[in-house]
Ligand code: SIN
Ligand code: CO
């Protein structure tokens, strides 16, 4: 499915990270990628993150209740006919047709893309008024959903006293739309929104993005740096001068102490390597595609000579950083320096989730070595992922 009549440049200029936008069915032919029963099936599986939110609690002002999956199948038959919703995270990792929904949004860089969450709601169901930290495209599948959007929220916005859900205490809708199959609502980070199913079988696909927080960047990178630090790399003061007051920490000492930190944090190359690895680390390492037996180079040659294309594992993350004389490919927390044909291949693999083998790839030892490493790590496969 492709986006038609959608001006990417105008969207990025006027809406991305700024204001919500309703895009009336822009697809060249919309069809539902998933059945409600398949979603319920996923929510029963171990290792799949799922939530059930019911709005039938005793307190009429705060009727939302949260349960975490995996669920027993019988849980779904116990539900009321109205006002509940099931949400399943990272459905793109398990269902190729849902993974394909990300492709039209690849005008946003791979490293910013998180996953596709899918919700199913009975009439009146919804997660309540809230805001998210990330951009999201909310694509309506089957059924209809009434969306309300409000103003900008932040950490100081007042929340309802709920132990599990971050619901807004004050929600004033400034716009309201009813989404029908194929319609897309874009919501930037921090904008209050509330979606309520109108009628049954309401399915919504959330193409979610991610943006690291400053504290996450500093915390995780510092952890990574610590692993390589030497205990004898210490402050020293061979030119120490006697002070009038021994209680003072003088400016030159502070300057040298501070430099011990900033010298490390200012290392842009080290940061690039770390960030590529960090940001390509899979969110759900449970989805393991490693072959039972590692594939040798001979077998690989035979396999690929049949012009078998290469498919990315939908739960793997692929990005690259361009360096002066090579590119650094990052896949699933690993880095691969690539030059010549392997650099071309790595770029092709980052650009599209399928790469067709060309003669120049097949004849390159470095490309073959790279494919074999990626295959044995479970990051690529040669068999077309099954579609529903
Ligand atoms: C939903 O699909 O019901 C919730 C999506 C959202 O509001 O972020
Ligand atoms: Co939301």
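Quick note: the coordinates plus some simple rules give every number you see, no bench work behind them. Since we're looking at a predicted model, the values are computed, not measured. Please note: Cβ atoms are built from the backbone with ideal geometry, for glycine as well, and neighbour counts cover all protein chains shown.
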Exercise. Exposure proxy check: 366, 178 ranked by fewest other beta carbons within 10 Å?
Worked result: 178, 366
For this session: Please work out the C-alpha center-to-center distance from region 271-304 to region 181-207 and express it in whole Å.
Result: 34 Å
Exercise. Using a Gaussian network model of the chain with C-alpha springs under 10 Å, which one of 87, 39, 79 is most mobile by mean-square fluctuation?
Worked result: 79
Seminar exercise, completed: 1/(1 + (r/R0)^6) with r = Cβ-Cβ of residue 62 and residue 334, R0 = 45 Å, i.e. FRET efficiency to nearest 0.05, evaluates to 0.45
For this session: Kindly rank 9-15, 108-114 from highest to lowest mean number of other beta carbons found within 10 Å of each residue.
Result: 108-114, 9-15
Exercise. Under a plain spin-label model, where a point goes 7 Å from the Cα along Cα-to-Cβ, how far apart in nm are residue 169 and residue 305?
Worked result: 7.2 nm
Problem set entry | Distance between modelled label sites at residue 365 and residue 241, nm, 7 Å Cα→Cβ extension | 6.2 nm
Exercise. If you rank 202, 350 by fewest surrounding Cβ atoms within 10 Å, what's the result?
Worked result: 350, 202
For this session: Sort 180-186, 17-23 for me by packing, meaning the mean count of neighbouring Cβ atoms within 10 Å per residue, highest on top.
Result: 180-186, 17-23
Exercise. Stretched out fully, how many nm does the piece from residue 292 to residue 323 gain, at 0.36 nm a residue minus the Cα gap?
Worked result: 7.7 nm
Problem set entry | Hydrodynamic radius by Kirkwood, which averages 1/r over all alpha carbon pairs of region 1-109, in angstrom | 16.8 Å
For this session: Between the alpha-carbon centers of region 35-65 and region 325-374, tell me the distance in whole angstrom.
Result: 41 Å
Exercise. Residue 229 versus residue 176, label points 7 Å from Cα toward the beta carbon: distance in nm?
Worked result: 5.6 nm
Exercise. Based on the Cβ-Cβ distance from residue 16 to residue 281, what FRET efficiency comes out when R0 is 35 Å, to the nearest 0.05?
Worked result: 0.90
For this session: Among 85, 174, 281, rank each residue by its count of other Cβ atoms within 10 Å, from fewest to most, as a rough exposure measure.
Result: 174, 281, 85
Exercise. Dividing the Cα radius of gyration by the Kirkwood radius, what Rg/Rh value follows for region 272-331?
Worked result: 1.04
For this session: With an 8 Å cut-off on Cα pairs and a minimum separation of 6 or more residues, tell me the relative contact order of the chain in percent.
Result: 16 percent
